[in-house]
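Undergrad: Take this structure, written in structure tokens, and hold onto it; I'll ask about it next.
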Amino acid sequence: MGYCEKMREMIGNAPLIIMRPSVAIINHSGEILLNRYIGGTWGIPGGILQLNESVEECIKRNVQRDIGIRLNTIRLFGVYSGKELINRVEESGDEYHTVAVGYLCSNFEGNLTPDDNQAIEAKFFQFDRLPEEIDPFIKNKLLELKGILKNGFPLLN
């Protein structure tokens, strides 16, 4: 049982603040890696921080487990919170207030091997050809990232 499930047992449906590290992975062709659960919206890889791990350990663990990529070097891009990051689960009534910690990575290894058990798909997209079914908050941040990269923002090698 993960941290969120344990907290839910204690607090019921009350709002819960969660820390969600995420990473924009850029390949050598300048494409961005997006993933999604089958049938869901596309976003960037991420996970939920567990007790006794750093945000860096969390994102590296989740990316390796979910899509088979090992992140060698990551760089902080931004920290985000606010009303657009409040999520409500209709079936349970649970409410999550997310603090997202965004990283950039262009130094990675491994092949895309999405976790079939979690029904995840993952692939690289050109910034000019993002899928229609993308989370609006993520889409806005990717457009911001695209502009920053065009202006020569150095990625990690």
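Undergrad: Within the stretch 1-57, take every residue that is under 12 Å from the mean Cα position of the chain (by Cα) and basic (Lys, Arg) and give me the one that is modelled with the highest pLDDT.
TA: Arg20
Undergrad: Could you grab me the full set of residues in the stretch 31-41 that are not basic (Lys, Arg) and not in a loop (DSSP other than H, G, I, E, B)? Don't jump to the end; show me each part of the working.
TA: Our first condition is that a residue be not basic (Lys, Arg); within the stretch 31-41, this holds for 31-35, 37-41.
Ile32, Leu33, Leu34, Asn35, Tyr37, listed by residue number.
Undergrad: Please find, within the stretch 42-69, the residue that is farthest from Glu132 (Cα to Cα) out of those that are part of a loop (DSSP other than H, G, I, E, B) and of a type in the set (S, T, N, Q).
TA: Of the stretch 42-69, the ones part of a loop (DSSP other than H, G, I, E, B) are 44-45, 47-54, 68-69.
After this cut, where a residue has to be of a type in the set (S, T, N, Q) as well, the list is 50, 52, 54.
Details: Gln50: 31, Asn52: 37, Ser54: 33 Å.
It comes out as Asn52.
Undergrad: Still on this structure: Of the residues Lys141, Lys146, only one is part of a helix (DSSP H, G or I), touching a residue at least 60 places away in the same chain (Cβ under 8 Å) and either farther than 30 Å from Gly12 by Cα or of a type in the set (Phe, Trp, Tyr) (or both); which? Don't jump to the end; show me each part of the working.
TA: On the way: Lys146 fails: touching a residue at least 60 places away in the same chain (Cβ under 8 Å).
Of the residues listed, the single one that is part of a helix (DSSP H, G or I), touching a residue at least 60 places away in the same chain (Cβ under 8 Å) and either farther than 30 Å from Gly12 by Cα or of a type in the set (Phe, Trp, Tyr) (or both) is Lys141.
Undergrad: Before we move on, is Asn72 touching a Ser or Thr at 6+ places or on another chain (Cβ under 8 Å), surrounded by fewer than 16 Cβ atoms within 10 Å (Cβ to Cβ), part of a strand (DSSP E or B) and of a type outside the set (Phe, Trp, Tyr)? Write out each step before concluding.
TA: Working: touching a Ser or Thr at 6+ places or on another chain (Cβ under 8 Å): no; surrounded by fewer than 16 Cβ atoms within 10 Å (Cβ to Cβ): yes; part of a strand (DSSP E or B): yes; of a type outside the set (Phe, Trp, Tyr): yes.
Here the answer is no, as Asn72 does not meet what is asked.
Undergrad: Would you say Gly110 is touching a residue at least 24 places away in the same chain (Cβ under 8 Å) and closer than 29 Å to Ala14 by Cα?
TA: Details: touching a residue at least 24 places away in the same chain (Cβ under 8 Å): yes; closer than 29 Å to Ala14 by Cα: no.
No, not satisfied.
Undergrad: Somewhere in the stretch 29-47, is a residue surrounded by 15 or more Cβ atoms within 10 Å (Cβ to Cβ) and more than 24 Å from Lys123 (Cα to Cα)?
TA: No, there is no match, as no residue in the stretch 29-47 is surrounded by 15 or more Cβ atoms within 10 Å (Cβ to Cβ) and more than 24 Å from Lys123 (Cα to Cα).
The values are calculated or read from the model by the stated rules, or taken from the named source; none is laboratory data. Note that the structure is predicted; figures quoted are calculated from it, not measured. Virtual Cβ from ideal backbone geometry, glycine too; neighbours counted across all protein chains shown.
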